[in-house]
Amino acid sequence: MSAANLSSEQSHAQHHDAPPRGITRWLYATNHKDIGVMYLVFGVLMFFVGGLLAELIRSELLTPTMRVLTPEAYNQVITIHGLVMVFAAVMPITTGFANYLIPLMIGAPDMALPRLNNWGFWLLPAAAVLLVLPWGLKLIGIGTGTIDTGWTMYAPLSIQAGPGADFAFVAVLLLGLSSTMASINILVTVAQQRAPGMSWLRLPVFVWSWVITALLLIAVFPALMAGCIMQITDRHFGTHFFSASGGGDPVLWEHIFWFFGHPEVYILLLPTAGLLPHILATFARKPLYGYKAQVYSFCAIGVMSIVVWAHHMFTSGMPTDVNIYFMLSTMAISVPVAVLFFCWFGTIWRGSMTFETPMLFALGYIVLFGIGGLTGLVLSDAAADQQYHNTYFLVAHFHYALFGGPIMGIFAALYYYLPKMTGRMYSEILGRWHFWLTLAAFNLVFMPQFLLGIAGMPRRIPDYALQFAPLNMVSSIGAFALGATQLLFLYNILRTAFGTSGAVASARVWEGSSGLEFTLPSPPPFHTFATPPAID
Amino acid sequence: MSGEKVLRLGLSGVIGAAFLPVRAQARAFYNFQTPVTPIARDVLFIHDLFLVIIAILFAAGIGLLLYTVYAHSRRRHRTAATFTQPVGRKQWLWASTPFVALLIIDYVVLGIPALHSIWALADTRGAEMTVQVTAHQWHWQYQYPAYGIGFSSDLSTPARQIDDRAPKDKHFLLEVNHPLVLPTHEKVLLVLASSDVIHAFWVPAFGVKQDVVPGYLRQTWVEIDKPGVYRGQCAELCGVGHAFMPIVVQAVPPAQFQHWVAAERAREAAVQATASATYSEAQLILRGRQIFQSNCAACHQSNGLGLPGAFPPIAAGHPFAASAPMLAALRARGFYRHGLIVEGPVPNHIRIVLHGIPGTPMPSFAAQLSAADIAAVITYERNDFGNHTGDVIEPATVAALKDGH
């Protein structure tokens with residue numbers, strides 16, 4: 001960055017050192033902290049929307065009878081639950097952390113492309129509205145409700161689906177645009193805006209995790225977006241990309257979807273896997289273990305995740321050799337993931353640990369995501385996958401991987417950075433209750449689902465045979481408890497953000513914290529690092 | 001087959017010891033259904049092996065975690081260490097052992113049995129019999145080309161059990177009107193096709209799950225070694241009836257299978273005969289109600305009101321709004337006027353049921369319902385749900401249209 005540029009940033013900061021007032025502050029926001037907060041608020045809101053849909057699913061599955069939903073409504077609810085949680089909850093929250101934290105962590109005054117940042121965010125609410133709008137339309141007698149194909153949107157079921165599917169495809173296109181903009185912004189920021197002395201191999205691990213995540217998003221989201229356009233033309237303009245009756249290939253969509261969908265798992269996972277070491281190191285009061293090993297593991301995971309997608313399709317009838325390739329390549333990913341686990345253990349080993357809420361969630365992450373990872377190893381087996389595929393075993397596996405990983409990581413990071421963002425401490429007692437109840441309830445929901453899958457219950461069915469009844473009831477009761485527990489979390493963050501009862505947070509917040517973001521006051525001023533910090 | 005030998009050696013040698021004690025104990029809890037084919041036994045073996053390995057790995061991980069949480073808490077360990085990576089050759093060696101172990105677990109302990117099973121499943125040679133399985137929204141159809149017989153297999157659980165208006169029976173949602181009958185101890189090739197969307201054929205006791213993809217013929221095989229009834233379900237979301245298309249397989253000894261074939265042929269001949277028989281209105285309506293519940297009610301609903309926007313009502317005089325192509329098709333056939341469903345001409349009604357309406361979800365029933373069944377269900381539809389046309393359709397009328405007149 002040139003000196004001239006820096007000085008213009010400085011004068012800019014002097015002119016507008018206080019945030020604008022009123023709604024325009026948010027509508028026209030270009031400040032990375034404001035946009036980061038908007039992403040976080042939007043993501044948490046959608047987490048509760050997705051959670052409400054999960055409660056509907058579990059209410060229907062409480063007993064073997066169609067009681068709460070019709071089969072059509074059930075299919076719509078599971079589809080929107082998946083789309084909302086993946087695209088509208090977890091991804092925006094991790095992008096929010098990127099926006100808020102990356103400039104602070106690398107000593108930059110803001111993101112490199114602030115207006116693009118604004119646009120990227122404001123596409124999200126539009127996409128979320130598109131996903132649920134068909135339900136509103138149905139209430140006034142238009143259409144058949146929203147998309148009902150499952151979040152995988154397999155053709156030709158998707159071509160048969162009602163107009164809700166068009167809304168969903170357009171929503172995914174918007175989400176793809178939004179993610180691509182955010183990713184470009186993050187890459188440019190990290191490449192161009194680092195403070196002098198902040199070399200690539202001194203970047204905090206979280207920043208590295210987002211560099212790989214952004215590269216993945218740019219690599220794979222276009223494939224899904226192209227696929228969505230092909231779906232739309234199949235539905236309305238007489239093409240037959242995915243319809244066998246016109247010479248198309250339904251399996252092609254599966255390939256396109258999973259070419260995106262598998263890296264997507266790591267897109268959800270990596271940012272929190274990058275935040276985890278910061279939290280572990282802080283509360284172990286020890287430097288990070290295996291910095292380079294973690295960075296190189298992120299790179300390896302990024303590359304490998306692009307070439308293993310068809311392990312989601314072992315039962316689709318691919319040639320034997322193809323199944324074997326995807327099995328062997330998938331197994332290889334266990335190595336860099338194991339390196340991450342090794343480094344996490346190395347970071348806390350012989351530390352001097354205290355167990356504040358963020359640390360509890362970070363340790364919970366290791367346990368739950370560990371179960372997700374180990375069962376993933378099981379699923380990589382193309383032979384045994386014949387039995388696990390599309391059963392509740394799979395459902396349990398990816399909830400351990402995606403709730404156990406990203407969502408536990410998000411809780412950890414929110415509690416960790418909330419005092420930094422708001423200047424006040426959250427309630428530690430409520431936080432701990434939130435952790436322990438979440439841990440217990442989560443296992444109560446999903447442990448029985450492993451057993452259900454093994455016993456032979458397929459996923460995505462609204463009604464089931466009687467031998468599955470007892471475990472489903474346990475799982476549903478767990479889900480109600482898990483949902484209720486999240487209200488504690490909501491209360492705790494609202495109380496911290498808007499209340500005055502919490503203790504005032506220091507700049508450093510935690511005794512063991514390190515990093516540029518903790519050199520700033522809590523909350524940080526509207527503009528930070530207008531002059532780049534000195535990196536020791 | 002030296003490769004085979006090596007694999008078997010690998011199977012028994014590398015992991016046999018770890019696997020035996022757990023097997024007995026694992027059976028006691030929720031587990032895979034008892035395997036009855038070679039593939040299912042392979043898969044169960046791999047599953048049991050996995051359970052042992054991931055249990056060990058998890059125990060090791062959680063043990064380490066609990067230990068460090070206990071021993072390296074601030075109360076017991078006041079000064080944190082400062083190391084950030086392995087130092088010296090010895091530490092590097094120690095640090096790399098977990099990864100070497102992981103690679104061995106991946107590619108040897110788990111990889112070898114997996115390859116064995118994958119190759120075994122792919123080997124469809126030497127089948128003694130072929131059954132063609134066709135998936136429809138939402139039922140299965142089975143054909144035995146060698147015997148010239150075939151039938152469709154529909155859920156037989158009544159709607160009132162699903163709606164909780166009647167007590168559920170033992171095999172709720174896993175029972176059909178006409179199970180797939182297979183001989184034991186014979187390698188049976190299943191050739192799978194779909195008439196609409198992707199479905200998946202899955203019977204847990206056979207260890208086989210195969211997606212059924214429209215536009216392709218997929219194949220898999222079973223060799224059942226124990227007579228019995230085995231139940232499975234469609235395992236790929238295929239629309240609103242996905243939960244309601246079970247697979248029931250009845251495995252019988254070969255001699256009994258031949259008896260069944262003879263009986264099935266006789267039954268089909270009798271069905272053929274019904275095409276020229278005549279029935280009373282009451283007989284037709286009685287039979288028609290059963291046919292409707294098991295073939296039509298999934299979409300048109302058991303009360304005949306359909307689903308707004310997707311599936312038209314059967315009861316005339318009801319409003320219906322849907323996509324333009326669907327309404328145009330209904331209008332052209334005389335079943336739709338001024339936004340309302342009307343009772344169209346009988347021959348068109350028969351043609352719709354026989355051939356379906358292309359471009360809409362209405363499928364053809366010509367292959368799965370006999371002329372007598374179609375006559376019965378149309379008579380029922382035209383005299384129930386508030387319709388009082390008094391029309392009585394005899395099988396001969398349907399048979400005539402079926403033959404293309």
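The values are calculated or read from the model by the stated rules, or taken from the named source; none is laboratory data. Since we're looking at a predicted model, the values are computed, not measured. Note: ideal-geometry Cβ built from the backbone for every residue, glycine included; neighbour counts use all protein chains shown.
To keep it simple, each residue is scored yes or no on (1) at pLDDT below 95; (2) under 21 Å from A:Pro271 (Cα atoms); (3) touching a strand residue (DSSP E or B) at 6+ places or on another chain (Cβ under 8 Å).
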residue	(1), (2), (3)
A:Glu55	no, no, no
A:Thr63	yes, no, no
A:Val68	yes, no, no
A:Ala73	yes, no, no
A:Met85	no, yes, no
A:Thr94	no, yes, no
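For B:Val208, the conditions (1) under 27 Å from B:Pro358 (Cα atoms); (2) of a type in the set (A, V, I, L, M); (3) at the interface with another protein chain (Cβ under 9 Å from one of its Cβ atoms) all hold with the exception of (1). Going by the conditions given, is B:Ala95 at the interface with another protein chain (Cβ under 9 Å from one of its Cβ atoms) and without any contact (Cβ under 8 Å) to a residue 40 or more places away in the chain? Yes.
With assigned to a helix (DSSP H, G or I) and either touching a Pro at 6+ places or on another chain (Cβ under 8 Å) or closer than 16 Å to A:Ala273 by Cα (or both) as the only criterion, which of A:Phe393, A:Phe411, A:Phe435 stands out? Before you say what the answer is, go through the steps one by one.
Numbers: A:Phe393 fails: either touching a Pro at 6+ places or on another chain (Cβ under 8 Å) or closer than 16 Å to A:Ala273 by Cα (or both); A:Phe435 fails: either touching a Pro at 6+ places or on another chain (Cβ under 8 Å) or closer than 16 Å to A:Ala273 by Cα (or both).
A:Phe411 is the lone residue from the list that is assigned to a helix (DSSP H, G or I) and either touching a Pro at 6+ places or on another chain (Cβ under 8 Å) or closer than 16 Å to A:Ala273 by Cα (or both).
Yes/no matrix, rows are residues, columns are (1) at pLDDT below 95; (2) of a type outside the set (Val, Ile, Thr); (3) crowded, with 20+ Cβ neighbours inside 10 Å:
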position	(1), (2), (3)
A:Pro204	no, yes, yes
A:Val211	no, no, yes
A:Ala214	no, yes, yes
A:Leu217	no, yes, yes
A:Leu224	no, yes, yes
A:His236	yes, yes, no
A:Thr239	yes, no, no
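Taking the numbered list (1) touching a strand residue (DSSP E or B) at 6+ places or on another chain (Cβ under 7 Å); (2) away from every other protein chain (no Cβ under 14 Å); (3) in a loop (DSSP other than H, G, I, E, B) in turn, B:Gly304 passes all entries but (1).
Would it be correct to say that A:Val445 is touching a residue at least 60 places away in the same chain (Cβ under 8 Å), more than 14 Å from chain B (Cβ to nearest Cβ) and under 24 Å from A:Thr94 (Cβ atoms)?
Numbers: touching a residue at least 60 places away in the same chain (Cβ under 8 Å): yes; more than 14 Å from chain B (Cβ to nearest Cβ): yes; under 24 Å from A:Thr94 (Cβ atoms): yes.
For A:Val445, the condition - touching a residue at least 60 places away in the same chain (Cβ under 8 Å), more than 14 Å from chain B (Cβ to nearest Cβ) and under 24 Å from A:Thr94 (Cβ atoms) - is met.
Report whether or not B:Gly241 is out of contact with any strand residue (DSSP E or B) (no Cβ under 7 Å at 6 or more places or on another chain), buried (at least 24 other Cβ atoms within 10 Å of the Cβ) and at the interface with another protein chain (Cβ under 8 Å from one of its Cβ atoms).
Numbers: out of contact with any strand residue (DSSP E or B) (no Cβ under 7 Å at 6 or more places or on another chain): yes; buried (at least 24 other Cβ atoms within 10 Å of the Cβ): no; at the interface with another protein chain (Cβ under 8 Å from one of its Cβ atoms): yes.
Criteria not met by B:Gly241.
Could we say that A:Met359 is at pLDDT below 95 and in a helix (DSSP H, G or I) here? Spell out the reasoning first.
Details: at pLDDT below 95: no; in a helix (DSSP H, G or I): yes.
So A:Met359 does not fit the description; no.
Quick check on this structure: which one of B:Pro167, B:Pro204, B:Pro227 is outside the structural domain of B:Val43 (by TED's automatic domain parsing) and under 29 Å from B:Ile291 (Cβ atoms)? Show your work before the answer.
Values: B:Pro204 fails: under 29 Å from B:Ile291 (Cβ atoms); B:Pro227 fails: under 29 Å from B:Ile291 (Cβ atoms).
Checking each option against the conditions leaves just B:Pro167.
With respect to B:Ala59, is the statement that it is in the same structural domain as B:Ile105 (by TED's automatic domain parsing), free of Cβ contacts under 8 Å to residues at least 40 places away in the same chain and either outside any helix (DSSP H, G or I) or farther than 21 Å from B:Ala114 by Cβ (or both) true? For B:Ala59, the condition - in the same structural domain as B:Ile105 (by TED's automatic domain parsing), free of Cβ contacts under 8 Å to residues at least 40 places away in the same chain and either outside any helix (DSSP H, G or I) or farther than 21 Å from B:Ala114 by Cβ (or both) - is met. Among the criteria (1) of a type in the set (A, V, I, L, M); (2) surrounded by fewer than 18 Cβ atoms within 10 Å (Cβ to Cβ); (3) within 14 Å of another protein chain (Cβ to nearest Cβ), the one B:Ile247 does not fulfil is (2). Restricting attention to region A:343-360 and to residues that are surrounded by fewer than 22 Cβ atoms within 10 Å (Cβ to Cβ) and among the hydrophobic types (A, V, I, L, M, F, W, C), the residue that is farthest from A:Gly512 (Cα to Cα) turns out to be A:Phe345. Residues in region A:339-356 that are facing chain B (nearest Cβ under 8 Å) and not in a helix (DSSP H, G or I) were compared, and the one that is farthest from A:Ile279 (Cα to Cα) is A:Arg350. Quick one: in region A:298-324, of everything that is within 11 Å of chain B (Cβ to nearest Cβ) and not β-branched (Val, Ile, Thr), which residue is farthest from A:Val251 (Cα to Cα)? Filtering first and then ranking leaves A:Asp321.
Which is facing chain A (nearest Cβ under 9 Å) and in contact with a helix residue (DSSP H, G or I) (Cβ under 6 Å, 6 or more places away or on another chain), of B:Val181, B:Val197, B:Val222? Full working, then the answer.
Working: B:Val181 fails: facing chain A (nearest Cβ under 9 Å); B:Val222 fails: facing chain A (nearest Cβ under 9 Å).
Sole residue among the options that is facing chain A (nearest Cβ under 9 Å) and in contact with a helix residue (DSSP H, G or I) (Cβ under 6 Å, 6 or more places away or on another chain): B:Val197.
Each residue in region A:245-260 was checked for being crowded, with 20+ Cβ neighbours inside 10 Å and either farther than 30 Å from A:Phe206 by Cβ or modelled with pLDDT under 95 (or both), and 6 of them qualify. The residues on offer are A:Leu439, A:Leu430, A:Leu452, A:Leu466, and the sole one that is surrounded by fewer than 22 Cβ atoms within 10 Å (Cβ to Cβ) and closer than 20 Å to B:Ala205 by Cβ is A:Leu466. The helices (runs of 4 or more DSSP H) found entirely in region A:113-206 include none that carry 3 or more residues being on the phi > 0 side of the Ramachandran plot and charged (D, E, K, R). Where strands (runs of 3 or more DSSP E) fall entirely within region B:140-219, none has at least 3 residues that are of a type in the set (Val, Ile, Thr) and crowded, with 18+ Cβ neighbours inside 10 Å. The condition (being of a type in the set (Gly, Ala, Ser), within 26 Å of A:Asp381 (Cα to Cα) and at pLDDT below 95) is satisfied by just one residue among B:Gly207, B:Gly239: B:Gly207.
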